[in-house]
Each structure stands twice: as structure tokens, then as C-alpha cells.
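Let me begin by presenting the structure, written as C-alpha cells, before commenting on it.
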Amino acid sequence: MFLYPTDFKTDFDKNLLEGVGWSMKSFTDHHDVAQQLKGKKPYTVTVIIDSLDWRFGNNKKYVIKSKHELSPLYNELLFKYFYDEFGTNPANEVYAGWLKKYHNSDETIKIKEMEPRYRRAILKRFKNHDKLFAPRTNTDRERIYNLPDPLNRIDWRNPYDNIFVWEENGKKLASRGGSGSSGGRERNSILIYGLLELDKTDSVMSYLFLYNKHNELLFGKSFPSLCIPRYDIGSNYPLSSKEDKKLRAGATFLSWDGFGKMEKVEIFKK
């Protein structure tokens, strides 16, 4: 089965994302997840994150722009010639030796080692010397994520977000997993394996969203049992292949064709 961007709609049950607080609970392993969340109505929320439409790159509604200084083109070319001559790993070793020799002074290395080697070739190659030595700036564009709590603490390194929600003492609590950090990948794996185990006896509902290139949160589909992205499961939390296969058996997974430009989502059983 496939879902396409046009299948995602703006209407969904807002209660899914309302009144959710962040849990401080830690789980020792995936068995602990299955035991502690049993009977607590756990469910998952997966948000696929598309890249922002390039046409919004200068729109203050969508991005925060900031400038930072770059070194002159001449300095950049010194390092390019240096790495071209030695190759990456040997060049790193050579430069480490220079740092030791010149007491970590990059400027001294530039004057005594790199310029004697490459300055003449660079000046000969580029006629516009003013451009070579002129200061430069670069513009960074940080995307503004207009998402409701608890989705608003997004990690821009993730092509998707997994939110794990359950009820405890009359409150809804959540934990997040993803691919952007080692801790996130470990937490993602522990929770998914634990819910895969729990799902075999107590169904864990799942919900799929898309945060599209126009910064719109759209709802795709609900699932009566666990359905999560196939990516990063097991990362930073190794299991035996036998246990991994056992937990995945009969489960439903999501896969999509490329990160940053979602064209379709495949829903399939293992």
C-alpha cells in the first residue's frame, strides 16, 4: 500500500497532540518498555519532515537569516592546494606536525609553510587579486518550524520524528526518538523494540503525519496496531539477529523514497 502527498489532509483529531508532557522516565531495555507501558494506552506519532520549498528561502515567515564571516578566498585556496598535493589523511598528519612545531599558530603555518608552496601559483591563476583577499560573508537560513506541542521541539537533523505517548496517573506523557543524535537513535530503538514486543499482546495504535514543504502539518493515516519507520531500528542498541527478527515478525513498517522530498510512503508488513 502507498500513500502520496495528496492523501495527507489538514483535518485530524487534535486530542492526539494536546495535553502531552515530556516524561523523565528511563527504560533499562526494551523488555522494561513493554512491561512499564502495558495497560497505559501507548501510541506513536510519526512525522515525516519534508524540506522547505526553496522559494521561501528569503521569506521571514519561514526562515531566520543570519550572516557570518568567511575567510578570504585566498586562504581557502591555500588549503585546497595543500590537500590536493598531499591527500586528505597525509595532509592531516603534516598539518598536525606543523601545529606542534609552531605552537598551534595557524597564522605562522600559513606564512612559513603554505604561502611559500602555493602563493605564487594562486596569484598567477587569479588576475583579480582584490577579490582573492576581500572579506567574505555567508548567509545561513534556519527554518522556522510552526508545529504544535509536543512536536515543536524538532531536531533539524532528523528526516522524521517519532513521538511515543502513553497515559500515566491521569496524564499523557511522551518520549522522542529519532536519527539526529546517538542518544536519540538509542532511545528510538529501545522504545520501538519494546512496543513491538507489547504490540504482540496489546495493540499499540500509530498515527502518521507529514510536515510538508510549505510548513503545513498534515495527517495521513491511523493504524490499529504499531506502524513505525523502518529506519534506524537497532541503531545504538544492538540485539541478536534472532531477537530482532522475532520482534519484527508480523509488524507493519513505513518506508519512503528519499529524505527531504517525500513522493510516496510505502506501508508494508515484515
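Would you pick out the residues in segment 237-268 that are within 20 Å of residue 160 (Cα to Cα) and surrounded by fewer than 16 Cβ atoms within 10 Å (Cβ to Cβ)?
255, 257, 258, 259, 260, 261, 263, 264, 266, 268
For segment 233-269, which residues satisfy the criterion of being small (Gly, Ala, Ser) and in a loop (DSSP other than H, G, I, E, B)? Lay out the reasoning, then the answer.
Keep residues of segment 233-269 that are small (Gly, Ala, Ser), which gives 234-235, 240-241, 249-251, 255, 258, 260.
The answer is 234, 235, 240, 249, 250, 251, 258, 260.
Being in contact with a His (Cβ under 7 Å, 6 or more places away or on another chain) and either farther than 23 Å from residue 198 by Cα or surrounded by fewer than 10 Cβ atoms within 10 Å (Cβ to Cβ) (or both) narrows it down to one residue among 84, 53; which is it?
Values: 84 fails: in contact with a His (Cβ under 7 Å, 6 or more places away or on another chain).
The match here is 53.
Just to confirm my filter: which helices (runs of 4 or more DSSP H) fall fully inside segment 110-219 and include at least 2 residues that are touching a strand residue (DSSP E or B) at 6+ places or on another chain (Cβ under 7 Å) and either closer than 29 Å to residue 261 by Cβ or not aliphatic (A, V, I, L, M) (or both)? Write out each step before concluding.
Numbers: elements: 115-125, 129-133, 182-199.
The qualifying helices (runs of 4 or more DSSP H) are 182-199.
Starting from segment 1-18, take each residue that is in contact (Cβ under 8 Å) with a residue 60 or more places away in the chain and within 21 Å of residue 257 (Cβ to Cβ) and list its partners that are part of a loop (DSSP other than H, G, I, E, B) and of a type in the set (D, E, K, R), counting only C-beta distances under 7 angstrom and pairs at least six apart or across chains.
2/264; 3/264; 4/264
What's the number of the only condition in (1) among the polar types (S, T, N, Q); (2) crowded, with 19+ Cβ neighbours inside 10 Å; (3) farther than 18 Å from residue 46 by Cβ that residue 169 fails to meet?
Single failed check for residue 169: (2).
Among what's in segment 127-144 and is of a type in the set (A, V, I, L, M) and within 20 Å of residue 78 (Cβ to Cβ), pick the residue that is surrounded by the most Cβ atoms within 10 Å (Cβ to Cβ). Show your work before the answer.
Within segment 127-144, the first condition is being of a type in the set (A, V, I, L, M), and the residues that meet it are 132, 134, 144.
After this cut, where a residue has to be within 20 Å of residue 78 (Cβ to Cβ) as well, the list is 132, 134.
Values: 132: 17, 134: 11.
It comes out as 132.
None of the figures in this text is laboratory data; all of them are computed from the coordinates on show. No experiment lies behind these values; they were computed from the predicted model shown. Every residue, glycine among them, receives a Cβ derived from its backbone with ideal geometry; neighbour counts consider all protein chains shown.
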